[in-house]
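> Dropping the structure in here first, questions after.
The values are calculated or read from the model by the stated rules, or taken from the named source; none is laboratory data. If you're wondering where the values come from, they're calculated on a predicted model, not measured in any experiment. Positions of Cβ are generated from backbone atoms using ideal geometry, with glycine treated the same way; all protein chains shown enter the neighbour counts. Accessible surface is based on the protein model in full, side chains and every heavy atom, while ligands, DNA and RNA are left aside. Shrake-Rupley method; radii C 1.70, N 1.55, O 1.52, S 1.80 Å.
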Amino acid sequence: MSGYIFQEFVRDFSSRTRQNMNVIDSIYTEHSDEPEKKVYEVTQVINSLFGMIIVPFEKYKDQNKINEKDYSDDQNYIRIKELIRDLERNKFLRSTYPWDRNGIGVFSFIGHLRNALAHSGNGRLNFYPVNNKKDNIKAVYFMDRYEDDLGQISYFCCKLSIKRIQGLCEQIPSLYEVIEKDISEKERAIIFKEHLNQISQLDSFLEGDDATKMDSVFK
């Protein structure tokens with residue numbers, strides 16, 4: 001497998017993920033009646049969503065303190081914003097988080113989905129229909145929960161159809177690709193140098209070197 005272009009990791013990673021999704025979808029379409037070649041296309045969509053949300057979100061969550069207004073003209077931003085409004089209108093989305101009171105922003109929405117995926121082992125994802133082997137999965141519930149220092153608890157819940165999840169697998173990484181393109185060549189060079197340094201530190205740690213040097217990897 002060819003290596004990733006680290007300075008354009010989101011674009012590279014999402015492009016490969018889309019290719020995998022397309023291949024699996026074609027296998028499902030062509031061989032759906034052959035048990036020995038059966039693939040689970042919805043499972044692949046969810047697996048892809050993990051990468052398409054968590055990878056770019058974590059990589060660029062602090063990049064220039066992303067401002068909604070800076071990307072409000074981007075077509076992917078607009079589509080996600082329209083999806084949020086439609087979900088709210090049809091009561092498929094609700095948040096009691098303080099920062100969502102004046103409307104759920106696109107990057108806040110992505111952050112909630114990221115948290116639901118990252119904590120899915122704690123029941124933050126629920127599939128509909130429940131435990132029904134006769135029907136295909138039709139929708140997924142994404143949940144998020146936050147407790148502040150005063151013990152005040154906030155909740156987020158969103159119900160997404162598989163078709164909408166497939167759309168987000170395209171729109172979210174495409175939005176972050178725009179953010180990635182905004183990074184200057186100077187910053188790209190710094191990022192690449194830091195990456196090389198991290199690899200060196202990881203090798204040193206594995207060889208038994210001073211563990212405190214690992215702090216620079218996780219900064």
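> Among the residues of region 208-216, is there at least one that is open to solvent by less than 80 Å² (accessible area, probe 1.4 Å), modelled with pLDDT of 75 or more, in a helix (DSSP H, G or I) and not basic (K, R)?
No; the residues of region 208-216 include none that is open to solvent by less than 80 Å² (accessible area, probe 1.4 Å), modelled with pLDDT of 75 or more, in a helix (DSSP H, G or I) and not basic (K, R).
> Within 24 Å of I162 (Cα to Cα), at pLDDT 85 or above and assigned to a loop (DSSP other than H, G, I, E, B): is that true of K81 in this structure?
No.
> Criterion first (among the hydrophobic types (A, V, I, L, M, F, W, C) and more than 19 Å from I54 (Cα to Cα)) does I165 satisfy it?
No: the conditions fail for I165.
> Continuing with this model, one more query. For a quick check of your reading of the model, give me the residue pairs whose first member lies in region 105-130 and is in a helix (DSSP H, G or I), whose second is open to solvent by less than 30 Å² (accessible area, probe 1.4 Å) and of a type in the set (F, W, Y), with beta-carbon atoms closer than 6 Å and at least 6 apart or on different chains.
V106/Y77; H112/F156; L113/F142; A116/F142
> Being in contact (Cβ under 8 Å) with a residue 24 or more places away in the chain and in a helix (DSSP H, G or I) is the filter; apply it to region 84-101 and report the residue that is surrounded by the fewest Cβ atoms within 10 Å (Cβ to Cβ).
Only one residue fits best here, namely P98.
> Determine whether region 50-72 contains at least one residue that is of a type in the set (S, T, Y) and not in a helix (DSSP H, G or I).
yes
> Also, quick follow-up: Among V106, V140, which is closer than 16 Å to R79 by Cβ, in contact with a Leu (Cβ under 9 Å, 6 or more places away or on another chain), β-branched (V, I, T) and at pLDDT 90 or above?
From the options V106, V140, the qualifying one is V106.
> Against the definition (under 19 Å from the mean Cα position of the chain (by Cα) and open to solvent by 30 Å² or more (accessible area, probe 1.4 Å)), how does R124 come out, yes or no?
yes
> Against the definition (assigned to a helix (DSSP H, G or I), open to solvent by less than 40 Å² (accessible area, probe 1.4 Å) and not small (G, A, S)), how does I183 come out, yes or no?
Spelling it out, it is not the case that I183 is assigned to a helix (DSSP H, G or I), open to solvent by less than 40 Å² (accessible area, probe 1.4 Å) and not small (G, A, S).
> Hey, another quick one. Name the residues in region 135-152 that are part of a strand (DSSP E or B) and open to solvent by 50 Å² or more (accessible area, probe 1.4 Å), would you?
The answer is Y141, M143, R145, Y146, E147.
> Here are some conditions: (1) hydrophobic (A, V, I, L, M, F, W, C); (2) modelled with pLDDT under 90; (3) open to solvent by less than 80 Å² (accessible area, probe 1.4 Å). V130 meets all but one. Which one does it not meet?
The failed condition is (3).
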